[in-house]
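Participant: The structure under discussion is supplied below as structure tokens; questions concerning it will follow.
The values are calculated or read from the model by the stated rules, or taken from the named source; none is laboratory data. Quantities reported herein were computed from a predicted structural model and do not represent experimental measurements. Positions of Cβ are generated from backbone atoms using ideal geometry, with glycine treated the same way; all protein chains shown enter the neighbour counts. Accessible surface is based on the protein model in full, side chains and every heavy atom, while ligands, DNA and RNA are left aside. Shrake-Rupley method; radii C 1.70, N 1.55, O 1.52, S 1.80 Å.
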Amino acid sequence: VAKESGRNQYQIFSEDMLKETADRLSMEHGLRHALANSELRLHYQPQISLTTGLITGVEALLRWNHPKLGNVPPIQFIGIAEETGLIVPIGEWVFMTACREGKALQDELGTDLTISVNLSPRQFQQRNLVQVIEHALAVSGLLARNLEIEITENILMVNSTGNLEKLQRIRELGVRISIDDFGTGFCSFSYLLQYQVDRLKIDRSFIKQAGTDPNAAAVVRTIIAMSHGLAIRVVAEGVETEEQLRFLMRRRCDEAQGNYLGLPVAAENFSAAVQGYSGIGALQNV
Ligand code: C2E
Ligand code: MG
Ligand code: MG
Ligand code: MG
């Protein structure tokens, strides 16, 4: 196809590809040094109770400031970190940092925040995952019940007893488990009966469409009803508008997270950000 469409286009195509490959190599190379060079940071996004308007938790989100490429979004480097196995040391750093900064945030705000940490499939293959989590809790002094891991449905679907045993051991520590991006994976409900899950996070694609697409709205309502039937708390991801917030409150969604309620920020900026945050005010007006 490239050949048929002529020389110029072929060249443009090829340049794009070269640039992509160069960026990828540069990223892969850079990622190997990112930890040692202190280029990684965590940002924290508040999760708000739709019944009290209070912050119930924060999600830790990885940020990478590459010396040449600038801020590289996680969607561009988590995949590379997974493929190269670098996600293992990076993931350990994430647990240590999230527990330490999360504990400090708890103390600073004087509230019983839950700290949510994302866990990718490759991290589940790590033999000492449970010890890594135990260690991060012990060193930071964060209580296990204030730590939550966010996993995707796919981890539960992998037919690996190893994965499931690990999940069970993490649960036994007292750490909470939530299902991230719920509704987008290989959805099977049987695992909801087999494993105790604390929260479901409705994927933001459904929240986004719920205002305009009656089917998306029906999916959201159904996920909320199902969660409540199973005594699982439900969180809406990616809330961007007051209208979406209103819809979720009407439907008795338990919690919400999204740019409308608070952007992800560094730990040192968190308390200032939530002082003037639109969340509580927004909830009072709804
Ligand atoms: P996720 O776990 O589903 O995280 C939520 C993503 O939605 C975050 O993107 C967040 O910044 C974004 N978001 C929050 N509110 C809004 C909103 O109102 N509108 C829109 N459009 N987006 C919103 P981010 O930070 O770019 O992270 C992307 C993904 O990268 C995460 O999705 C997660 O799967 C992965 N990730 C991030 N940090 C880590 C980490 O420490 N470890 C692992 N394994 N994965 C991570
Ligand atoms: Mg998440
Ligand atoms: Mg998500
Ligand atoms: Mg995700």
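Participant: Within the stretch 127-143, what residues put their amide N at less than 13 Å from the label point 7 Å along the Cα-to-Cβ vector of Glu165?
Facilitator: 127-130
Participant: Mean Kyte-Doolittle of at least -0.5 and a Cα length of 27 Å or more along the axis: which whole DSSP H helices of the chain meet both? Please report the intermediate quantities before stating the final value.
Facilitator: Working: long enough: 7-34 (39 Å, -1.06); 87-109 (31 Å, 0.26).
Helices passing the filter in the chain: 87-109.
Participant: Here's something else I'd like to know. Arranged from highest to lowest average of other beta-carbon atoms within 10 Å per residue, in what order do the peptides 250-257, 268-275 appear?
Facilitator: On the way: 250-257: 20.1, 268-275: 14.1.
Going from most to least packed, we get 250-257, 268-275.
Participant: I need two numbers for the stretch 33-188: Rg to one decimal and Dmax as a whole number, Cα atoms only, in Å.
Facilitator: 15.6, 45
Participant: Continuing with the same structure: Mind checking Rg over Rh on the chain, alpha carbons, Kirkwood formula for Rh?
Facilitator: Numbers: Rg = 20.3 Å, Rh = 20.3 Å.
When Rh is taken as the Kirkwood radius, the ratio is 1.00.
Participant: Under the 0.36 nm per residue contour assumption, what length would be gained going from the current alpha-carbon distance of Glu172 and Arg127 to full extension? Don't skip to the end; give the middle numbers.
Facilitator: Working: separation 45, 0.36 × 45 = 16.20 nm, distance 1.69 nm.
Extending this stretch completely gives an extra 14.5 nm.
Participant: Now for a separate question. Largest first, please: the extent of the C-alpha atoms of the stretch 140-286 along each principal axis, to the nearest Å.
Facilitator: That gives 47, 42, 21 Å along the principal axes, largest extent first.
Participant: Using only the alpha-carbon atoms, what does the stretch 100-220 span along each of its principal axes? Please give whole angstrom values in decreasing order.
Facilitator: Answer, in whole Å and largest first: 48, 39, 23 Å.
Participant: Would you kindly state how much longer the chain becomes between His29 and Leu69 on full extension, computed as 0.36 nm times their sequence separation minus their alpha carbon distance, in nm to one decimal?
Facilitator: Details: separation 40, 0.36 × 40 = 14.40 nm, distance 1.23 nm.
Working it through step by step, the gained length comes to 13.2 nm.
Participant: Hey, another quick one. Contour minus end-to-end for Asp213 and Thr241, with contour as 0.36 nm per residue of separation and end-to-end as the Cα-Cα distance?
Facilitator: Values: separation 28, 0.36 × 28 = 10.08 nm, distance 1.55 nm.
Result for the pair: 8.5 nm of gain on full extension.
Participant: Among 95-105, 223-233, 20-30, how do they line up from the highest to the lowest mean number of other beta-carbon atoms within 10 Å? Mind dumping the intermediate values first?
Facilitator: On the way: 95-105: 21.2, 223-233: 15.5, 20-30: 13.7.
Descending packing order for the listed peptides: 95-105, 223-233, 20-30.
Participant: Nearest-5 percent of antiparallel DSSP beta bridges in the chain?
Facilitator: If I count the DSSP bridges inside the chain, around 40 percent turn out antiparallel.
Participant: A further question on this structure: How big is the shadow of the Cα convex hull of the stretch 88-171, averaged over all directions, in nm²?
Facilitator: On the way: hull surface 20.4 nm².
If you wrap the Cα atoms of the stretch 88-171 in a convex hull and average its projections, you get 5.1 nm².
Participant: At 1.4 Å probe radius, can you tell me the per residue accessible area of the chain in Å²? Show your work: numbers first, answer last.
Facilitator: Details: 14740 Å² over 286 residues.
Using a 1.4 Å probe on heavy atoms only, each residue of the chain averages 52 Å².
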